[in-house]
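Before any comments, here is the structure.
The values are calculated or read from the model by the stated rules, or taken from the named source; none is laboratory data. As the structure is a computational prediction, the values presented were derived from the model and not from experiment. Here the Cβ positions follow ideal geometry from the backbone for every residue, glycine too, while neighbour counts run over all protein chains shown. Note: areas computed on protein heavy atoms with side chains; ligands, DNA, RNA excluded. Shrake-Rupley method; radii C 1.70, N 1.55, O 1.52, S 1.80 Å.
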Amino acid sequence: MGRTREAGCVAAGVVIGAGACYCVYRLAWGRDENEKIWDEDEESTDTSETGVETVKGAKTNLGAGSGAKLQGDSKVKPEVSLGLEDCLGVKEKAHSGSHSGGGLEAKAKALFNTLKEQASAKAGKGARVGTISGNRTLAPSLPCPGGRGGGCHPTRSGSRAGGRASGKSKGKARSKSTRAPATTWPVRRGKFNFPYKIDDILSAPDLQKVLNILERTNDPFIQEVALVTLGNNAAYSFNQNAIRELGGVPIIAKLIKTKDPIIREKTYNALNNLSVNAENQGKIKTYISQVCDDTMVCRLDSAVQMAGLRLLTNMTVTNHYQHLLSYSFPDFFALLFLGNHFTKIQTMKLIINFTENPAMTRELVSCKVPSELISLFNKEWDREILLNILTLFENINDNIKNEGLASSRKEFSRSSLFFLFKESGVCVKKIKALANHNDLVVKVKVLKVLTKL
């Protein structure tokens, strides 16, 4: 019997050692599995495994935030830490089982059943504690879930901890976006119904209504719509007379003083269409000096400046009101040098109107001009600028001859237009250099100018 007892003790020791190894293996495997649980939680794909169903059919992870899953009798993955007392209890039960008889297989089975019961009890008590509404907390007796290096995840919000309390409810909660909605800024819109479209052709009573709206309102948006409507209607000759007869010119022109550049631009456009009519020019001449001053001081190459230059060009097509702008000749030539391509062209058209009036020649050639103006005769400029500057030179040269100003050259300073165009000789050299220009139209114009020298 002694040998039999020794063999039983050895067998029991082997079984206990195997159980301890199995316990350690399970514990380590559970930690790896815990890492997978965290990854699956981040991707919301943890619904592929079978969990314990609640009454409502939701999968339950016992112990919120613990990462432990109870998947059935065949696969038990408790993430627990067995203490010294648990191990002693296992040894006692295994030892008692060995005394009761049975083979090695029965003893191992009894040991594993004991381990499973203890693991289930541990998991049922909630080894980890998770708060739904607060930050996630960990039980101090368990290792931190994290990477293989043992580092803990940073504290997470309670929405994630609460998600572990119910798998399906967690999935529903995560399906909703937790991001704050994009900020939507209010859009300012006009809170009025304008009675007409801006491209409608209106009758006299309708034009009167629009003029009344424009006269009474201070809203820039309404003013802009009304001005565009009136400007479009002023493109038709019958409405040009109607607007004047309804007293529309002073109503429109009063907005020249506004500080809003958009309103000033629309005002100049409307007056520009009205100025095609000779009778309307008689009404607009009252404001021409004000338009000229604003055009010179506003931002260079702006839409307001271009609209003002177009209005001044229309107002100087005839000789009746040119004298009202003679004080601005130096400003026009400065703008001709400083402006961009479109500003240069529009300013040239305005100055050419003055050069076609012989009565304005003396004032024109005596004004001071920048010496850099000579650069406009370079062949690098396009056809339109070259043709305009050549026309300007041709008209001034003809007027000097016709008015006999060549004999009174002492009256003009060295910074005057007369000296630049007539006495310096630089312009003539520049024009002769253009005789070989690639553009045939420019070449013909150059030859015409040279034959008059």
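With the cut-off at under 15 Å, measuring from each backbone N in region 213-255 to a point 7 Å along the Cα-to-Cβ line of VAL317 picks out 234-238, 240-241.
Here the accessible area is traced with a 1.4 Å probe on the protein chains. For region 326-452, carbon and sulfur cover 54 percent of it.
As a quick test, which of the pairs LYS344/LYS429; LYS410/LYS445; LYS410/LYS452 have an alpha carbon distance above 26 angstrom in this structure? Don't skip to the answer; put the middle values down first.
Values: LYS344/LYS429 22 Å; LYS410/LYS445 31 Å; LYS410/LYS452 23 Å.
Over 26 Å Cα-Cα: LYS410/LYS445.
How far, in nm, would the chain grow between GLU279 and HIS437 when pulled straight, counting 0.36 nm per residue and subtracting the alpha carbon separation? Could you put the intermediate results ahead of the total?
Numbers: separation 158, 0.36 × 158 = 56.88 nm, distance 4.39 nm.
That works out to 52.5 nm of additional length.
Between SER326 and VAL444, the simple spin-label model (points 7 angstrom out along Cα→Cβ) gives 3.6 nm.
Put a dot 7 Å past the Cα of VAL14, heading toward its Cβ, do the same for ALA359, and the two dots end up 13.3 nm apart. A 1.4 Å probe run over region 307-418, with the rest of the protein chains in place, finds 43 Å² accessible per residue. Here's the picture: a label point sits 7 Å out from the Cα of SER413 along the beta-carbon direction, and within region 296-330 the residues with their amide nitrogen under 16 Å of it are 327-330. Let me make sure I get this right: for region 193-315, a, b and c are the square roots of the gyration tensor eigenvalues over alpha carbons, sorted descending. Under 1.5 in a/c it's rounded, otherwise prolate if a/b > b/c, else oblate. Which is it? Oblate.
Let a ≥ b ≥ c be the square roots of the eigenvalues of the Cα gyration tensor of region 276-345; is it rounded (a/c under 1.5), or, if not, prolate (a/b larger than b/c) or oblate? It is prolate, given that a/c is not under 1.5 and a/b is the larger ratio.
Backbone geometry of region 421-427 corresponds, through the Karplus equation with coefficients 6.51, -1.76 and 1.60 at θ = phi - 60°, to 3J(HN,Hα) couplings of 8, 10, 8, 5, x, 5, 5 Hz, x marking Gly and Pro. Remark: spin-label model distance VAL297-GLU215 equals 2.9 nm, labels positioned 7 Å along the Cα→Cβ axis. One equal scatterer on each Cα of region 326-452, no solvent, Debye formula: the resulting log10 I(q)/I(0) at q = 0.19 Å⁻¹ is -1.08. Apply 1/(1 + (r/R0)^6) to the Cβ-Cβ distance of ASP382 and SER424, taking R0 = 30 Å, and write down the FRET efficiency to the nearest 0.05. Using R0 = 30 Å, I get an efficiency of 0.75. The phi torsions of region 393-409, fed into the Karplus equation with coefficients 6.51, -1.76 and 1.60 and a -60° offset, translate into couplings of 5, 4, 5, 5, 4, 5, 5, 4, 5, 5, 8, x, 7, 5, 7, 10, 5 Hz, rounded to whole numbers, with Gly and Pro shown as x.
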